[in-house]
Amino acid sequence: MDYKVEISALLSKITGLESEEIARLMEIPPQSDMGDYAFPCFILSKQMRKSPVMIAAEIASSSDFDAPYIDSVRSQGPYVNFFIDKGHYAKSVVSEILQKGEQYVSSNIGIGKTVIVEFSSPNIAKPFHVGHAFTTVLGHSLSRIYDKLGYNVVRVNHLGDYGTQFGKLITAYRLWGDESALEASPIDELLRIYVLFHEKEKDDPQLTQDARDNFRRLEAGEPEEKALWQRFRDLSLKAFAKVYDRMGVTFDSYKGESDYSDRIPGVISFLEEKDLLIDSDGARVVMLDEYKLPPCLVVKSDGTTIYASRDLAAAMFRHEHYNFYKNIYVVGLPQSLHFQQVFAVLDKAGADYAKNCEHVGFGLVKFKNMKFSTREGNIVVLEDLLNESIAKTLDIIRSNAELRQTDMSEDEILDIANKVGIGSVIYTYLKSGRERDIVFSWEEMLDFEGDSAPYLIYTYARTRSILRKAMDQGISSSNAFDDALSLLKSDEEFALLKLLSDLPDAIEKAASSNEPFMLSRQVSRIARAFNRFYNNSSILRDSDDRLRSARLAICEAVCTAIKTGTYLLGIDVVERM
Ligand code: ARG
């Protein structure tokens with residue numbers, strides 16, 4: 001039941017204002033002693049020629065509020081504060097969650113609308129580092145969130161598989177490539193020869209020339225160069241697939257930069273038709289002064305195209321192919337200017353879909369007291385971070401009898417360590433606003449009491465264990481479907497129920513701002529409130545059966561909320577710990 005809508009309808013009768021307008025004005029008071037909803041009376045002051053304080057007092061004393069769900073109505077200054085009947089509230093929230101299950105957070109606001117979520121987009125032949133993990137985790141979560149809201153989601157991996165570096169790789173591979181090393185660990189081998197190329201190139205200008213020639217041959221579609229490039233691409237994708245599998249990440253399209261090279265002439269003629277391409281020292285650019293942006297380079301002076309041209313081609317293609325409602329790019333903040341320029345060029349060319357393109361940026365990844373064997377360029381590879389996190393989780397579980405049931409098999413312990421270890425990494429990426437830099441530290445990530453994935457997963461396992469015990473003892477939450485739910489009136493219960501009932505809203509906000517942290521924060525609040533409730537009430541031991549069933553029903557609702565919430569973040573839970 002939507003209390004805000006109901007109260008707005010009552011207020012509309014009393015004040016003559018439209019219900020929708022009242023609902024828009026209605027506020028959630030900052031403190032619980034100010035009620036659950038508050039209506040500010042300023043808007044009525046002019047027409048009624050009274051002070052909002054007087055109006056609030058009059059409204060509060062109206063006899064039209066004798067609905068069963070209202071406990072009391074009080075005025076405070078210019079506000080009318082509404083206190084919802086706690087028992088009524090409990091019944092409405094819990095029964096809805098129990099009936100709908102994981103669908104309780106679903107919505108259909110996205111029906112019929114396509115959202116493209118472009119994320120991950122690593123560069124082939126390069127290690128999958130922790131920066132690419134940030135976009136991967138964010139994009140994966142956003143895709144699941146949009147999906148839950150009914151949008152038609154297209155997950156795109158815009159692979160970095162094009163550019164002059166492939167000329168260098170081809171040259172290097174022919175000179176120093178080791179076939180068996182390439183098979184065994186492709187990315188390491190490709191990185192090794194790429195680094196070697198740069199070392200040798202310093203004293204050997206012929207190498208630079210060869211690389212250029214090879215790139216030209218690749219662009220011209222020469223079979224030998226094309227085959228080598230294809231091989232590097234396939235092997236890289238295979239390596240990336242391992243990482244994606246570990247995190248449950250999937251894509252609908254791997255259309256990378258190379259796929260757009262054929263479409264560049266189309267982009268150029270489109271911009272020419274609109275008379276937007278200006279010559280600048282032999283290069284061709286689009287001026288963007290009116291957007292207060294530097295010119296966007298589209299074609300270089302040697303006639304080759306660049307990153308921006310491929311993004312223009314990709315956006316045009318996506319518009320034609322998907323007719324998107326939103327096209328979001330989950331890419332680090334350092335590329336902000338690039339996306340502003342690309343969207344501005346489209347806008348200047350009259351493409352109305354430019355306004356539906358959005359860059360979803362994120363901050364940097366840092367480490368506190370963590371040592372990794374960093375590879376070339378001080379890169380931390382995601383696999384190393386995941387492996388270390390799993391190993392540390394395993395140590396914690398093994399050394400802590402409380403976290404480990406006595407009858408757990410080695411396989412089960414490994415499965416738990418795997419899920420918790422990976423979940424900890426994912427949660428760290430998603431626990432604060434995405435534009436902030438994130439700092440990984442083992443103490444925080446693996447703090448079973450802190451704001452961490454282990455805490456959420458442990459809380460989930462706790463709800464499951466209570467439900468299992470109840471089943472063994474023959475206690476069922478279905479007995480709570482009569483009026484027993486209205487016995488849930490304690491402050492802890494009420495606080496918890498409020499958080500549960502706000503979860504769908506948090507999910508919508510996460511989508512509208514592209515901030516999964518709005519969701520992670522809510523799930524974490526729910527877990528914390530549940531543990532407070534758990535510590536203060538004897539769920540299965542209360543002497544009143546009806547109260548026992550009702551509290552069990554809360555456990556079930558929390559279990560559903562945490563499972564759904566963590567799923568949307570990309571984190572797997574475990575049934576026991
Ligand atoms: N491959 C690029 C990188 O690793 C990211 C691609 C971003 N997406 C785009 N449409 N430009 O930096």
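The values are calculated or read from the model by the stated rules, or taken from the named source; none is laboratory data. Keep in mind that what you see is a predicted model, and the values were worked out from it rather than measured. Please note: Cβ atoms are built from the backbone with ideal geometry, for glycine as well, and neighbour counts cover all protein chains shown. Only protein heavy atoms, including side chains, enter the accessible area calculation; ligands, DNA and RNA are left aside. Shrake-Rupley method; radii C 1.70, N 1.55, O 1.52, S 1.80 Å.
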* **Under 16 Å from the Cα of K498 - lysines, other chains or at least 8 residues apart** => K4, K86, K91, K489
* Taking H placed 1.01 Å from N in the peptide plane, check which residues at least 5 places from Q76 or on another chain put their amide H under 5 Å from its amide H. => N81
* Structure fact -> HN-Hα couplings for region 440-455 via Karplus (6.51, -1.76, 1.60; θ = phi - 60°), in whole Hz with x for Gly/Pro, come out as 8, 9, 4, 4, 7, 4, 10, 7, 5, 9, x, 8, 8, 5, x, 5
* Asked: Rounded if a/c is under 1.5, else prolate if a/b is larger than b/c, else oblate: which is the chain, with a ≥ b ≥ c the root eigenvalues of its Cα gyration tensor?
  -> oblate
* Under a 5 Å amide H to amide H cut-off, with H placed in plane at 1.01 Å, what residues pair with V153 once short-range neighbours are removed? -> V115
* Asked: For labels at K371 and L25 in the simple 7 Å Cα→Cβ model, what's the distance in nm?
  -> 6.5 nm
* To do: Positive end of the charge dipole of region 308-449 (Lys, Arg +1 and Asp, Glu -1 on Cβ, about the Cα centre): tell me which of N400, V420, N369 has its Cα farthest that way.
  => N369
* **S336-R217 pseudo-label distance in nm [points 7 Å out on the Cα-to-Cβ vector]** => 4.4 nm
* Compute the label zone of Y567 within region 119-140: residues whose backbone N is under 18 Å from the point 7 Å along Cα-to-Cβ. => 140
* **On Cα atoms only, tilt of 517-536 relative to the major axis of the chain in degrees** => 40 degrees
* Asked: What ³J(HN,Hα) values, in whole Hz, does the Karplus curve 6.51 cos²θ - 1.76 cosθ + 1.60 give for region 45-53 when θ = phi - 60°, with x put for Gly and Pro?
  -> 4, 5, 5, 8, 6, 9, 6, x, 5
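Kirkwood Rh over Cα pairs of region 238-328 into Stokes-Einstein at 20 °C, 1.002 mPa s: D in µm²/s?
141 µm²/s
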* Structure fact -> So the FRET efficiency between I109 and S32, C-beta based with R0 = 25 Å and rounded to 0.05, is 0.30
* Could you tell me which of rounded, prolate or oblate describes region 144-291, using a ≥ b ≥ c as the square roots of the eigenvalues of the alpha-carbon gyration tensor, with rounded for a/c under 1.5 and, failing that, prolate when a/b is larger than b/c and oblate otherwise? => oblate
* To do: Read phi for every residue in region 129-136 and hand back ³J(HN,Hα) as whole Hz from Karplus 6.51 cos²θ - 1.76 cosθ + 1.60, θ = phi - 60°, with x for Gly and Pro.
  => 9, 5, x, 5, 5, 4, 5, 5
* Asked: Using a basic spin-label model with each label point 7 Å from the Cα along Cα→Cβ, how many nm lie between R546 and R436?
  -> 4.5 nm
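I'd like to check one number: the per residue accessible area of the chain, probe 1.4 Å, reported in Å² as a whole number.
Value returned for the chain: 45 Å² of accessible area per residue.
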* Asked: Of all accessible surface on the chain at a 1.4 Å probe, what whole percent is carbon and sulfur?
  -> 47 percent
* Asked: Ordering W229, W176 by how much accessible area each has at a 1.4 Å probe, largest first, what is the list?
  -> W176, W229
* **Pairwise FRET efficiency - D234 versus E179, Cβ, R0 = 25 Å, nearest 0.05** => 0.95
* To do: Using +1 at the Cβ of each Lys and Arg and -1 at the Cβ of each Asp and Glu in the chain, identify which of Y104, F232, L552 lies farthest towards the dipole's positive end.
  => L552
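Please give the peptides 383-390, 554-561 ranked by average Cβ packing (other Cβ atoms within 10 Å per residue), highest first, as a rough proxy for protection.
Ranking the peptides 383-390, 554-561 by packing returns 554-561, 383-390.
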* Asked: Which far-off residues, 5 or more places away or on another chain, put their amide H under 5 Å from the one on N327, with H placed in the peptide plane?
  -> I116, C357, E358
* Asked: Dipole of region 5-122 (Lys/Arg Cβ +1, Asp/Glu Cβ -1, origin at the Cα centre): which of P52, S63, F39 lies farthest to the positive side?
  -> P52
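If Rh is defined by the Kirkwood formula over all Cα pairs and Rg also comes from Cα, what ratio Rg/Rh do you get for region 479-577?
Values: Rg = 14.4 Å, Rh = 14.2 Å.
Value, to two decimals: 1.01.
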